[in-house]
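**Q** This is the structure, below, for whatever I ask next.
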Amino acid sequence: MGDLSKRSAGGTTNNILRRLIYWLSKVLEVVAAISLLFIMILTTCDVIGRAFARPIIGTYEIVSFGAGVIVGFSLPITTLEKGHVYVDFLLQKLSPPVQRVLQSATNLMGIALFLGAGYNLLKMASDLQRAGEVSSTLQLPYYVIAYGIGFSCLTVCLVLAGELVTMAAGRHS
């Protein structure tokens, strides 16, 4: 990262924001990974239990909740590391300035999409919490997952906004 003392105040602030975005993305990734490990173990134990007529009650609900956590919480780090499927054979034929404009437009549309999704998920979570909605078997509250995925969507907005700032500073190809 270089010597921060030699950077301007704006550069230092930008660096701190990039670290924060990275840290948030990594924390969400770890939660997603732990969820994946947990549902793998739970599913294995449930299958073994079923062989002995002892299934684990609520496995379907827990796996469903875990799948939501895995997908939702993986979005920020996947976006940060550009791990999405990306077809750029046409973009490569365009000049770098045009590529930056198109990438900026794509990021702005992504911010709008994830801002809308995040806002609506947080609103839905609030409604679920107020209504006391829970799963049928284990009585797990739905709102916890909705809040988490909503927060993850807002983190994707930060990742995309950070990328826009980096492109604007001319440090992105």
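**Q** What are the pairs with Cβ atoms under 7 angstrom where one residue, in region 99-113, is farther than 11 Å from Ala161 by Cα and the other, located anywhere, is of a type outside the set (Gly, Ala, Ser)? Sequence gap at least six, or different chains.
**A** Once the first residue is farther than 11 Å from Ala161 by Cα and sits in region 99-113, its partners that are of a type outside the set (Gly, Ala, Ser) give Gln99/Leu91; Arg100/Met167; Leu102/Leu91; Gln103/Met167.
**Q** Continuing with this model, one more query. Please pick out the residue among Arg54, Arg50 that is exposed (fewer than 12 other Cβ atoms within 10 Å of the Cβ) and basic (Lys, Arg). Even if it seems obvious, please write down each step before you answer.
**A** On the way: Arg50 fails: exposed (fewer than 12 other Cβ atoms within 10 Å of the Cβ).
Going through Arg54, Arg50 in turn, the sole match is Arg54.
**Q** Further question on the same structure: For region 142-173, enumerate the residues that are of a type outside the set (A, V, I, L, M, F, W, C), under 21 Å from Thr59 (Cα atoms) and out of contact with any Leu (no Cβ under 7 Å at 6 or more places or on another chain). Spell out how you get there, then give the answer.
**A** Residues of region 142-173 of a type outside the set (A, V, I, L, M, F, W, C): 142-143, 147-148, 150, 152, 155, 162-163, 166, 170-173.
Add one more test, that the residue is under 21 Å from Thr59 (Cα atoms), and what stays is 142-143, 148.
Hit for region 142-173 is Gly148, nothing else.
**Q** Confirm whether Leu122 is surrounded by 15 or more Cβ atoms within 10 Å (Cβ to Cβ) and more than 28 Å from Gly58 (Cα to Cα).
**A** Values: surrounded by 15 or more Cβ atoms within 10 Å (Cβ to Cβ): yes; more than 28 Å from Gly58 (Cα to Cα): no.
When the stated conditions are applied, Leu122 does not pass them.
**Q** Considering each of Ala112, Ala51 in turn, give the residue that is farther than 13 Å from Cys157 by Cα and not basic (Lys, Arg).
**A** Working: Ala112 fails: farther than 13 Å from Cys157 by Cα.
So the residue among Ala112, Ala51 that is farther than 13 Å from Cys157 by Cα and not basic (Lys, Arg) is Ala51.
**Q** Give the residues of region 23-35 that are of a type outside the set (Asp, Glu) and either surrounded by 16 or more Cβ atoms within 10 Å (Cβ to Cβ) or farther than 20 Å from Gly83 by Cα (or both), sorted by residue number. Walk me through how you get there before you give the answer.
**A** Start the filter on region 23-35 by keeping residues that are of a type outside the set (Asp, Glu), which leaves 23-28, 30-35.
Of everything in region 23-35, those that are of a type outside the set (Asp, Glu) and either surrounded by 16 or more Cβ atoms within 10 Å (Cβ to Cβ) or farther than 20 Å from Gly83 by Cα (or both) turn out to be Leu24, Ser25, Leu28, Val31, Ala32, Ser35.
**Q** Within region 119-132, identify whether any single residue is in a helix (DSSP H, G or I), over 17 Å from the mean Cα position of the chain (by Cα) and closer than 15 Å to Thr79 by Cα, and answer yes or no.
**A** No, there is no match, as no residue in region 119-132 is in a helix (DSSP H, G or I), over 17 Å from the mean Cα position of the chain (by Cα) and closer than 15 Å to Thr79 by Cα.
**Q** While we're here: Give me the pairs, please: first residue somewhere in region 54-82 and outside any helix (DSSP H, G or I), second residue anywhere and hydrophobic (A, V, I, L, M, F, W, C), beta-carbon distance under 9 Å, and either six or more positions apart or on two chains.
**A** Arg54/Ile48; Pro55/Val47; Ile56/Leu42; Ile56/Cys45; Ile56/Ile62; Ile57/Leu138; Gly58/Leu138; Gly58/Leu140
**Q** Can you say whether Cys45 is part of a helix (DSSP H, G or I), over 25 Å from the mean Cα position of the chain (by Cα), at pLDDT 95 or above and not polar (S, T, N, Q), as far as the supplied structure shows?
**A** On the way: part of a helix (DSSP H, G or I): yes; over 25 Å from the mean Cα position of the chain (by Cα): yes; at pLDDT 95 or above: yes; not polar (S, T, N, Q): yes.
In short, yes.
**Q** Can you find, within region 58-90, the residue that is farthest from the chain's Cα centre (by Cα) among those that are farther than 24 Å from Tyr22 by Cα and surrounded by 13 or more Cβ atoms within 10 Å (Cβ to Cβ)?
**A** Step one: filter region 58-90 for residues farther than 24 Å from Tyr22 by Cα, giving 58-65, 87-90.
So of that shortlist, the ones also surrounded by 13 or more Cβ atoms within 10 Å (Cβ to Cβ) come out as 58-65.
Working: Gly58: 26, Thr59: 24, Tyr60: 23, Glu61: 21, Ile62: 20, Val63: 18, Ser64: 17, Phe65: 15 Å.
Among them, the one singled out is Gly58.
**Q** Still on this structure, I have one more. Just name the residue that is modelled with the highest pLDDT out of those in region 1-22 that are of a type in the set (A, V, I, L, M, F, W, C) and farther than 25 Å from Lys82 by Cα.
**A** The residue in question is Ala9.
The values are calculated or read from the model by the stated rules, or taken from the named source; none is laboratory data. Treat the numbers as computed from the prediction; the structure is a model and nothing was measured. With ideal geometry, Cβ positions are generated from the backbone for all residues, glycine too; neighbour counts draw on all protein chains shown.
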